[in-house]
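S.K.: Take a look at this one; I'll ask things after.
The values are calculated or read from the model by the stated rules, or taken from the named source; none is laboratory data. What you see is a predicted model; the values in this text were computed from it and never measured. FYI the Cβ positions are ideal-geometry reconstructions off the backbone, even for glycines, and counts take in every protein chain you see. Areas reflect the complete protein model, heavy atoms only, side chains present, ligands, DNA and RNA absent. Shrake-Rupley method; radii C 1.70, N 1.55, O 1.52, S 1.80 Å.
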Amino acid sequence: MSEAPYHLTMPEKQTTSAVFSSPHSGRNYLSHLMRQTRLDDREIRLSEDAYVDRLFAEAPRLGAPFLCADIPRAFIDLNRNPDELDPELIEGLRRSVSTPRTRVGLGVIPRIVSSDQAIYSGLLSREEAESRITDFFFPYHDALQEIVDATVARLGQAVLFDCHSMPHDSMVSETFMGNIKPDIILGDRHGRACGLEIIEWTEAAFAEAGFRVAKNVQYSGAYTVQRYGLPERQRHAVQIEVDRSLYLDEASIVPNSRFDDTRRRLAGAMEHLVDLGRSRFPIVAE
């Protein structure tokens with residue numbers, strides 16, 4: 001493979017232990033994929049965290065690395081365990097890990113998009129599945145692991161913010177106080193992926209920017225937060241879900257009239273998040 005399946009933007013100088021990632025905003029729909037799928041150009045994008053990379057694009061200016069997937073989620077889901085292979089999609093599997101996600105078609109190589117539409121007309125070969133994991137999944141996580149390790153080595157800790165978006169209608173309103181849906185849901189695997197001070201600081205940062213915030217409801221953190229959230233090793237991780245209706249016309253998958261305002265408010269929250277990455281561990285003198 002000649003190109004990396006991701007875009008890594010580093011700041012001129014990393015001044016914070018905060019690290020940002022976006023595993024689901026990739027929109028390089030390879031001709032190879034489009035020849036395989038039964039979906040049209042719009043339908044194939046229904047699982048995409050569209051434009052999340054643009055929403056959080058201020059990260060490098062604020063001194064933080066930002067890793068974004070280039071390959072779309074419909075092709076490979078970088079926020080799944082690589083063993084979560086779907087036997088209903090991939091032929092010739094000798095062994096697979098059955099999870100609630102694989103059983104509904106949302107394994108590491110998805111069988112459906114988020115609207116429950118099948119991506120393919122038939123099965124994929126095991127060789128095809130292994131090639132996607134080798135060429136796209138592992139390089140992305142190798143890059144993210146390297147960033148996190150280097151940040152811990154230099155600054156004493158890493159705080160990974162894994163950035164996503166959620167369909168507005170996916171939220172169950174009865175779950176929330178007064179039936180008011182949140183704008184942001186934070187996931188820290190119910191306290192297992194980051195320290196208490198960090199999740200409280202993160203919640204306060206988004207609330208101060210004018211967002212309604214909930215924690216660990218429907219979205220408590222998937223593979224990335226589980227893998228990199230190791231507080232006992234000074235590695236913290238928080239999943240951030242942004243309500244798509246705040247910035248996106250979900251039917252046409254184009255930015256709506258609120259996009260610029262939402263991006264501005266998120267940038268305000270990010271200024272506080274990177275301050276968190278500066279306050280507890282002073283930068284080692286060079």
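S.K.: I'm trying to understand the selection: among the residues of region 1-39, which are over 20 Å from the mean Cα position of the chain (by Cα), modelled with pLDDT of 95 or more and open to solvent by 50 Å² or more (accessible area, probe 1.4 Å)?
M.R.: Result: E12, K13, R38.
S.K.: Within region 40-60, which residues are open to solvent by less than 10 Å² (accessible area, probe 1.4 Å) and over 14 Å from the mean Cα position of the chain (by Cα)?
M.R.: Within region 40-60, I44, A59 qualify.
S.K.: Restricting to region 104-148, count the residues that are open to solvent by less than 20 Å² (accessible area, probe 1.4 Å) and in a helix (DSSP H, G or I).
M.R.: Final tally of qualifying residues: 10.
S.K.: Which count do you get for residues in region 254-266 that are among the hydrophobic types (A, V, I, L, M, F, W, C) and surrounded by fewer than 19 Cβ atoms within 10 Å (Cβ to Cβ)?
M.R.: 2
S.K.: Applying the selection to region 61-77, what residues are under 19 Å from L33 (Cβ atoms) and either surrounded by fewer than 21 Cβ atoms within 10 Å (Cβ to Cβ) or touching a Leu at 6+ places or on another chain (Cβ under 9 Å) (or both)?
M.R.: C68, A69, D70, I71, P72, A74, F75, D77
S.K.: Which of the residues belonging to region 49-103 are in a strand (DSSP E or B) and not β-branched (V, I, T)?
M.R.: F66, L67, C68, A69
S.K.: Sticking with this one: Please specify each residue of region 170-220 satisfying the condition of being aromatic (F, W, Y) and either part of a helix (DSSP H, G or I) or at pLDDT 95 or above (or both).
M.R.: Correct list: W201, F206, F211.
S.K.: Specify the residue that is surrounded by the most Cβ atoms within 10 Å (Cβ to Cβ); the eligible residues are those in region 210-253 that are farther than 16 Å from S47 by Cα and charged (D, E, K, R).
M.R.: By that ranking, first place goes to R235.
S.K.: Residues of region 204-261 being in contact (Cβ under 8 Å) with a residue 12 or more places away in the chain and of a type in the set (S, T, N, Q), which ones?
M.R.: N216, Q218, S220, T224, Q226, Q234, Q239, S245, S252
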